[in-house]
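Right, one structure below, let's go through it.
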Amino acid sequence: MATDTPAPTGIGVLRRDFRTDPFFDGAAADRLVIRRCADCDLWLAPDATCCPGCGSEEPGWADAAGDATLVTWTVVHGRPAEDGTVPPPAVLALVELTEGPWLHTRLVGVERAALREGLPLTAVFEHPGEGESYLLFRPA
């Protein structure tokens, strides 16, 4: 996984709760950690609370590769600040991890003209001064 410093995202301050500790611990160490069911070997999104494959109510956590493909996206334009400055557009995306789960995320380091379904992506992590580190994706 790349550890390049992504452009600022304006995502705000993220705080963890007891359910998200492994995900944010992984992000702080530049690792993508998602849910994985040990009983049926199904990979799940980080917010999964049970396994839809076998019904296990205790899916564990495992390191994912950090590779994904772009499924769909939208470009969001921010409102001008009081001083008149306009933030750069943000690319919000739905990506499919190589392990199978889909995640909502933000893309960085991509030109809008290069966006296409199936675009290979790799995980990068933002480490803000306040709040939790978080996951973004950029072109591979």
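The values are calculated or read from the model by the stated rules, or taken from the named source; none is laboratory data. Note that this is a predicted model, so its numbers are computed, not measured. Reconstructed Cβ throughout: ideal geometry from the backbone, glycine too, with neighbour counts over all protein chains shown.
Table for the structure above
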| item | result |
| --- | --- |
| Filter result for THR85 (of a type in the set (S, T, N, Q), in a loop (DSSP other than H, G, I, E, B) and over 21 Å from ASP25 (Cα atoms)) | yes |
| Residue list for the stretch 37-80, restricted to those being free of Cβ contacts under 8 Å to residues at least 40 places away in the same chain, outside any loop (DSSP other than H, G, I, E, B) and crowded, with 16+ Cβ neighbours inside 10 Å | TRP61, ALA62 |
| Residue match in the stretch 45-57 (condition: at pLDDT 95 or above, within 17 Å of PHE137 (Cα to Cα), of a type outside the set (Ser, Thr, Tyr) and within 12 Å of the chain's Cα centre (by Cα)) | no |
| Residue within the stretch 95-115 that is farther than 28 Å from PHE18 by Cα, surrounded by fewer than 17 Cβ atoms within 10 Å (Cβ to Cβ), β-branched (Val, Ile, Thr) and in contact (Cβ under 8 Å) with a residue 12 or more places away in the chain present | no |
| Single residue of GLY100, GLY109, GLY84 found to be over 18 Å from the mean Cα position of the chain (by Cα) and not aliphatic (A, V, I, L, M) | GLY84 |
| Members of the stretch 88-122 that are in contact with a Leu (Cβ under 9 Å, 6 or more places away or on another chain), of a type in the set (Val, Ile, Thr) and over 17 Å from TYR134 (Cα atoms) | VAL110 |
| Pick from the stretch 15-36, criterion assigned to a loop (DSSP other than H, G, I, E, B) and at pLDDT below 95, ranking: surrounded by the fewest Cβ atoms within 10 Å (Cβ to Cβ) | PHE18 |
| Any hit, the stretch 27-49, residues being out of contact with any Phe, Trp or Tyr (no Cβ under 8 Å at 6 or more places or on another chain) and of a type in the set (S, T, N, Q) | yes |
| Test: LEU92 is aliphatic (A, V, I, L, M), closer than 21 Å to LEU14 by Cβ, in contact with a strand residue (DSSP E or B) (Cβ under 9 Å, 6 or more places away or on another chain) and surrounded by 11 or more Cβ atoms within 10 Å (Cβ to Cβ) | yes |
| Tally of residues being within 12 Å of THR72 (Cα to Cα) and not acidic (Asp, Glu) across the stretch 105-140 | 7 |
| Failed item in (1) closer than 21 Å to PHE125 by Cβ; (2) surrounded by 16 or more Cβ atoms within 10 Å (Cβ to Cβ), with GLY12 passing the rest | (2) |
